[in-house]
Every structure is written in structure tokens, then in C-alpha cells.
1. Which one of SER87, THR97, ALA56 has its Cα pushed farthest toward the positive end of the charge dipole of the chain, where Lys and Arg give +1 and Asp and Glu give -1 at the Cβ?
2. Could you give the accessible area per residue of the chain, probe 1.4 Å, as a whole number in Å²?
3. Specify the angular offset, from 0 to 90 degrees and rounded to the nearest 10, of the alpha carbon long axis of helix 12-80 from the longest principal axis of the alpha carbons in the chain.
4. Keeping all protein chains in place and using 1.4 angstrom, which order do LEU34, LEU50 fall into by accessible surface area, from largest down?
5. Between SER61 and PHE35, what FRET efficiency follows from the Cβ-Cβ distance if R0 is 35 Å, with the result rounded to 0.05?
6. With a 1.4 Å probe and all protein chains in place, put ARG44, ARG118, ARG57 in order of accessible area, largest first.
7. LEU27 to SER87: extension gain in nm, 0.36 nm per residue of separation minus the Cα-Cα distance?
8. For the chain, what does -39500 (n - 2.57) per DSSP helix run (n ≥ 4), summed and divided by total residues, give at 222 nm, in deg cm²/dmol to the nearest 500?
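The values are calculated or read from the model by the stated rules, or taken from the named source; none is laboratory data. None of the values given here were measured: they were computed from a predicted structure. Cβ coordinates were reconstructed from backbone atoms using ideal geometry, including for glycine residues, and neighbour counts include every protein chain displayed. Accessible surface areas use protein heavy atoms only, side chains included; no ligands, DNA or RNA. Shrake-Rupley method; radii C 1.70, N 1.55, O 1.52, S 1.80 Å.
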Amino acid sequence: RNFKTFKECEYEPAKQTFDGMQDALKLNDELDNLFAELLWVFERDAAQELESKQQARDALSEEVSKVEKKTATIEEEAAQHDSEVESFTSDVEKARTEQEDAKIGLKDAESAVRNAQRERADAESEAKGADQ
């Protein structure tokens, strides 16, 4: 017998193709879920980093405020006590240096916060793209 049945010629290959397509769709769904989870992790990490950098910025801002108050106090005392001006001048210069260092640190922290915000926005944008 050289003739093949309809089942052998048409049905079986079509069923194998259909089963393969179903398997591919399942794998695609799993991949989509894994990708969405990965984006969520990136977004969470970016949010945590942003929060950390904002806390650091706030702490440095507080420090700048304290140093500015200290500088103002020292400058007032120097003006009131002319005989002690040399001693106070040294303290004022030290406080100004601390203030400038704190301001530089604050600028760096603000820059880091902006970078973290951009990274978070990028992660959210990718997450939205993955959802669609």
C-alpha cells in the first residue's frame, strides 16, 4: 500500500504545527511575565536609589543650614569684639570652607537625585511599553 491516509497527510502535520504554536505562545507569555517582573525590579531599585539620594541631599541641606548659622554667629561675634578679630577670623574662614564643601556636596547630591529621577522615568517608560 503506497497511499497515505488523510490523517497521515494533513491532520497529523497540522496538529503538530498547532501544538508547536501553542507551546510558542506559552513561552512568549512566560517571557512577557519575566520581562515585566524585571522591569518592576529595575523600577523598584531606581525608586530606592532616588529615595536614598534625596535623604542624602536633605541631610546635606540641613548641614549647610547649620554651617551658615554658625558662620553668621561667628561673624557677629567678630564684629562685636574687635580685640579678638584675628582669632575669630580664623574660625570664620574654617566655617566658610565647611560651608563651601557642604554646598558642593549638596550640588552633587542634587545631581545624583536628578540622575536617579531620569533613571526611574526611563524604567517607568519601559514598563509602560512592556505593558502594551
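1. After comparing all options, I get ALA56.
2. The answer is 78 Å² per residue.
3. 0 degrees
4. Correct descending sequence by accessible area is LEU34, LEU50.
5. Calculated transfer efficiency: 0.35.
6. Most to least solvent-accessible, the answer reads ARG118, ARG44, ARG57.
7. 14.0 nm
8. -33000 deg cm²/dmol
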